[in-house]
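The values are calculated or read from the model by the stated rules, or taken from the named source; none is laboratory data. It should be emphasised that the depicted structure is a prediction, and the values quoted were computed from it without experimental measurement. Note: ideal-geometry Cβ built from the backbone for every residue, glycine included; neighbour counts use all protein chains shown. Calculation scope for accessible area: heavy atoms of the full protein, side chains included, ligands and nucleic acids excluded. Shrake-Rupley method; radii C 1.70, N 1.55, O 1.52, S 1.80 Å.
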Amino acid sequence: CPKCGQGAPKGLTVCGNCRAEVRTSSKFCWRCGADLSTAVKPMIFDDRWSRQAEDLAVRVDDQDVEGWLTKPLIIEHGTRALLFQAGKYKGELDEGRHDMGGFLKRLNHFMIDQAASVVLCDAGDVTIDVENGGLWTADKFEVGAVSRLVFRISDPEAMFVNLFKGRSRVSLGDLESQLASEVQMLLVGIVAEENVEGLVSSTAGRDRIEAGLRETLGKTLGRLGMELVQVRFISFVSPAFEELRAKQGELKVDQ
């Protein structure tokens, strides 16, 4: 339905996992069993390839390589398309219009008659905010932290093998959740050695934490085929400390 988006009972759609043709009224794919309510929607439509804003990367596997690689196409703004065969990186397309005949000649040992995969991902640097809580300072205040991280894809083959792991879609939220545990382990040890006022009010402790984040997350992201570009900032907040500081201010005013 063009108004509410509900699938027409007798209409047809495509499974986002295996691309089999299924009825829009189906809850599961007849070929691969994917839950059609949550499976990623195909991002390749005729001559236009795109991805959703919340997606870090979307993987599309297709047997009909010749069908979508032998005609001109458009890569949506902000998106790049990485091509793989048998897990090996063969080349990529940047955003814009492309004449596929010329592009195919530039690919590295690409077999037009064999199945291939396309990974649609962000064309530039990606920014995520990682939130952590339950951190306790040396003077027994609980604090929370927000880290803003900037990264980019640097090793397509490592990303293809280690990031997806059987999934067809990896959202920014998925990556944030994965990195949050790494950041948590780092912060627990460092925050425990700092007083809350130093964390909340000064930058000395933050410089140490940012250096630790670069080292720890650099290794983790490297395994996922990405590199850390920048730790843009890390900030701490402690409601209990702010409440105490407010009461101390009121007391000084009263005095």
Practice prompt. Could you tell me whether any residue of segment 207-225 is in contact (Cβ under 8 Å) with a residue 60 or more places away in the chain, among the small types (Gly, Ala, Ser) and closer than 30 Å to Asp94 by Cβ?
Written response: yes
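Output the number of residues of segment 115-136 satisfying the condition of being more than 20 Å from the chain's Cα centre (by Cα) and either part of a strand (DSSP E or B) or surrounded by 14 or more Cβ atoms within 10 Å (Cβ to Cβ) (or both). First the steps, then the outcome.
Looking only at segment 115-136, we keep the residues that are more than 20 Å from the chain's Cα centre (by Cα), and these are 115-116, 133-136.
Right, trim to either part of a strand (DSSP E or B) or surrounded by 14 or more Cβ atoms within 10 Å (Cβ to Cβ) (or both) and you get 116, 133-136.
The total comes to 5.
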Worksheet, complete the sentence: From the option list Glu193, Glu157, Glu197, single residue qualifying as in contact (Cβ under 8 Å) with a residue 24 or more places away in the chain, open to solvent by 50 Å² or more (accessible area, probe 1.4 Å), closer than 30 Å to Arg51 by Cβ and not hydrophobic (A, V, I, L, M, F, W, C) is Glu157
Item to complete: List the number of the failed condition for Val253; all other conditions in (1) open to solvent by 70 Å² or more (accessible area, probe 1.4 Å); (2) at pLDDT 80 or above hold.
Response: (2)
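Looking at Asp207, Asp139, which one is modelled with pLDDT under 85, surrounded by fewer than 16 Cβ atoms within 10 Å (Cβ to Cβ) and more than 25 Å from the chain's Cα centre (by Cα)?
Asp207
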Practice prompt. Would you confirm whether any residue within segment 225-242 is part of a helix (DSSP H, G or I), open to solvent by less than 80 Å² (accessible area, probe 1.4 Å) and hydroxyl-bearing (Ser, Thr, Tyr)?
Written response: no
Discussion item. Given the criteria under 11 Å from the mean Cα position of the chain (by Cα), among the basic types (Lys, Arg) and open to solvent by 20 Å² or more (accessible area, probe 1.4 Å), does Arg169 qualify?
Written reply: yes
Response to the item:
Here the qualifying pairs (Cβ atoms under 7 Å; residues six or more apart or on different chains; first in segment 89-114 and within 18 Å of Ser50 (Cα to Cα); second at pLDDT 80 or above and surrounded by fewer than 10 Cβ atoms within 10 Å (Cβ to Cβ)) come out as Glu95/His77
Worksheet item: Can you name the residue in segment 16-44 that is surrounded by fewer than 13 Cβ atoms within 10 Å (Cβ to Cβ) and part of a strand (DSSP E or B) and is also modelled with the highest pLDDT among such residues?
Response: Asp35
Worksheet item: How many residues are buried (at least 18 other Cβ atoms within 10 Å of the Cβ), of a type in the set (Asp, Glu) and at pLDDT below 80 if we restrict to segment 55-98?
Response: 0
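How many residues are assigned to a strand (DSSP E or B), out of contact with any helix residue (DSSP H, G or I) (no Cβ under 8 Å at 6 or more places or on another chain) and hydroxyl-bearing (Ser, Thr, Tyr) when one looks only at segment 137-175?
Looking only at segment 137-175, we keep the residues that are assigned to a strand (DSSP E or B), and these are 142-153, 169-171.
Going one step further and asking which of them are out of contact with any helix residue (DSSP H, G or I) (no Cβ under 8 Å at 6 or more places or on another chain), we end up with 144, 146, 148, 150, 152, 169-171.
From the residues that got through so far, the ones that are hydroxyl-bearing (Ser, Thr, Tyr) too are 171.
Of the residues in segment 137-175, 1 are assigned to a strand (DSSP E or B), out of contact with any helix residue (DSSP H, G or I) (no Cβ under 8 Å at 6 or more places or on another chain) and hydroxyl-bearing (Ser, Thr, Tyr).
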